[in-house]
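The values are calculated or read from the model by the stated rules, or taken from the named source; none is laboratory data. Since we're looking at a predicted model, the values are computed, not measured. Because the Cβ atoms are built from the backbone with ideal geometry, glycine has one as well, and the counts that use them run over all protein chains shown. Quick note on the areas: whole protein, heavy atoms, side chains included, nothing else; ligands and nucleic acids left out. Shrake-Rupley method; radii C 1.70, N 1.55, O 1.52, S 1.80 Å.
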Amino acid sequence: MRPTAFFASEHSAIRSVACIGTDPEKGVTYLDDRHFTALKQLAGLPEAESVLSFFYQKGLETIRTGSYAGLIGLPGGAILEILPRFSTIDPAGTDPAHARKALLRMLRHLPGSPFRTLTEAHLGATQMPIWNVFVQAFLDALSVVSRQGLQTAYQSVEANQPVIRGQFQPARNLRQNLAHAERLAIRYDTLSLDIPPNRVLKTALVHVLPRVGTGTLETRLYQMLAILHDVPTSADLHADLRAVRSLNRLFDRYTLALQWAELLLTGRALGPRSGSVSALSLLFPMQRVFEEYVAHGFRAFWPTGEVSTQESSAHLVEEHGGTPKFRLRPDVLVRQPDRTLVFDTKWKRIDGQNRQGQYGIDSGDLYQLFAYGKKYEANDVFLIYPATPTFTAPLDVFGYDPAMRLHVLPFDVSQPLRHEVEKLYNYVSP
């Protein structure tokens, strides 16, 4: 039976009703009672505090999602997808495919993660839940390993056999074969597929099989299970995972497949620790994902000046007890011959039409950029927020004082990264 996939947006409300559906205008996703009750239990866990919060709204039980995107597993194989909320292509939020593609595009630029190998084909497979996209990427990586041949290793085997093979063990022979003169206690080495990397891959295949539904992915999983037929699953998964982190260069070709396997088995992403929210959780803090995405764009596509990311050369307090305190770490610094530009990214919703409400900008963000500008001697500082249907153009410039200006700029995650960085460059260029 195909697992059920529900989707919600960040910061959206989730409620229990007799039927399942969404109301984009109210930002509400509805679940049936069984799944809502399970989600409510998860929301009560201390580890899930930043992901899910339970409260009553107008007498209705409501769960609100936090600034995370990804997957939460529910009973019966159901999966709740939490997708990025901001989209200029699908402002009503009725088509999850656009949000999935934006999330996958951003994840591709997370350093040290298997997401960097997601292809355009994976980004185009957005009609399926992102769990299935990840499984597809895992199978693609595993197919490369299988075509090159599974690695084997010599293992020592103790046996009682009628002929000598390897090393005869007289002491064990006396203990075990005293009444069986036809048998000899021997020890020999044999090549075996039963090694930690292969066991982890086999365990991952078995783990994801009931969670993808029927169709092409299920067929590919069975094909891979046939190839690993002689490999047992892990009896101690944590020990095997520790072992694969210290493999020698013979297993370099396994690296990507093992990264995907660990991600799918443990839910180890960037959010709460594996298993703390549910048996199937892959959650990504969107603030960090957005920071890394924009920073990669600057490093790859900014045409002039010296670009540095997460620089920490300045402190808010220059001296306290003989040492500086409170290190400042702007997301992006661009040093040009005649000026320094400071950029900071915030994954928050800005309403470019709500001038009276200060556009929804947090005053703390303004204080932070003021400190960055003073300490890095920048006359122009920039706050980058994700573009929304009401925030598609820069806001009017904010003047901190006659010498320093703040610019609030949109960054459209539904557009190619190079395109958005070039827009920023054109804006700041004289």
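Quick notes
- Of the helices (runs of 4 or more DSSP H) that lie entirely inside region 141-252, those containing 2 or more residues that are under 30 Å from G73 (Cα atoms) span 196-208, 216-227, 237-244.
- Qualifying residue in region 364-373 (condition: under 29 Å from the mean Cα position of the chain (by Cα) and over 21 Å from R339 (Cβ atoms)): yes
- Tally, over region 383-430, of residues that are assigned to a helix (DSSP H, G or I) and open to solvent by 20 Å² or more (accessible area, probe 1.4 Å): 7
- Count - residues of region 188-230 that are touching a strand residue (DSSP E or B) at 6+ places or on another chain (Cβ under 9 Å) and of a type in the set (A, V, I, L, M): 3
- Odd one out for S53 among (1) at pLDDT 85 or above; (2) not in a strand (DSSP E or B): (2)
- Some residue of region 240-251 being modelled with pLDDT under 95, β-branched (V, I, T) and in contact with a Leu (Cβ under 6 Å, 6 or more places away or on another chain): yes
- Residues in region 81-99 that are of a type in the set (D, E, K, R) and under 21 Å from I350 (Cα atoms) were compared, and the one that is modelled with the lowest pLDDT is D90.
- Subset of region 295-331 [part of a strand (DSSP E or B), over 14 Å from E377 (Cα atoms) and under 32 Å from the mean Cα position of the chain (by Cα)]: E306, V307, S308, T309, F326, R327
- Considering only residues in region 56-78 that are modelled with pLDDT of 80 or more and of a type in the set (A, V, I, L, M), the one that is most open to solvent (accessible area, probe 1.4 Å) turns out to be L60.
- Within region 338-361, the set of residues being assigned to a loop (DSSP other than H, G, I, E, B), without any contact (Cβ under 8 Å) to a residue 12 or more places away in the chain and open to solvent by 80 Å² or more (accessible area, probe 1.4 Å) comprises D338, R355, Q356.
- Taken over region 362-382, the criterion of being without any contact (Cβ under 8 Å) to a residue 40 or more places away in the chain and either assigned to a helix (DSSP H, G or I) or touching a Leu at 6+ places or on another chain (Cβ under 8 Å) (or both) is satisfied by S363, G364, D365, Y367, Q368, L369, F370, G373, K374, A378.
- Scanning region 28-55 for residues that are in contact (Cβ under 8 Å) with a residue 24 or more places away in the chain, over 24 Å from the mean Cα position of the chain (by Cα) and surrounded by fewer than 17 Cβ atoms within 10 Å (Cβ to Cβ) returns a single hit, R34.
- Residue-level check: of (1) among the basic types (K, R); (2) open to solvent by 70 Å² or more (accessible area, probe 1.4 Å); (3) within 15 Å of L142 (Cβ to Cβ), R245 misses just (3).
- Applying the criterion of being touching a His at 6+ places or on another chain (Cβ under 9 Å) and part of a loop (DSSP other than H, G, I, E, B) to the residues of region 56-67, the residue that is farthest from P285 (Cα to Cα) is G66.
- Residue, modelled with the highest pLDDT, within region 204-239, restricted to residues that are of a type in the set (V, I, T) and surrounded by 21 or more Cβ atoms within 10 Å (Cβ to Cβ): V231
- The set of residues in region 384-413 that are more than 15 Å from V334 (Cβ to Cβ) and of a type in the set (A, V, I, L, M, F, W, C) comprises A387, F391, A393, L395, V397, F398, A403, M404, L406, V408, F411, V413.
- Residue within region 102-114 that is without any contact (Cβ under 8 Å) to a residue 24 or more places away in the chain, open to solvent by less than 20 Å² (accessible area, probe 1.4 Å) and farther than 22 Å from I227 by Cβ present: no
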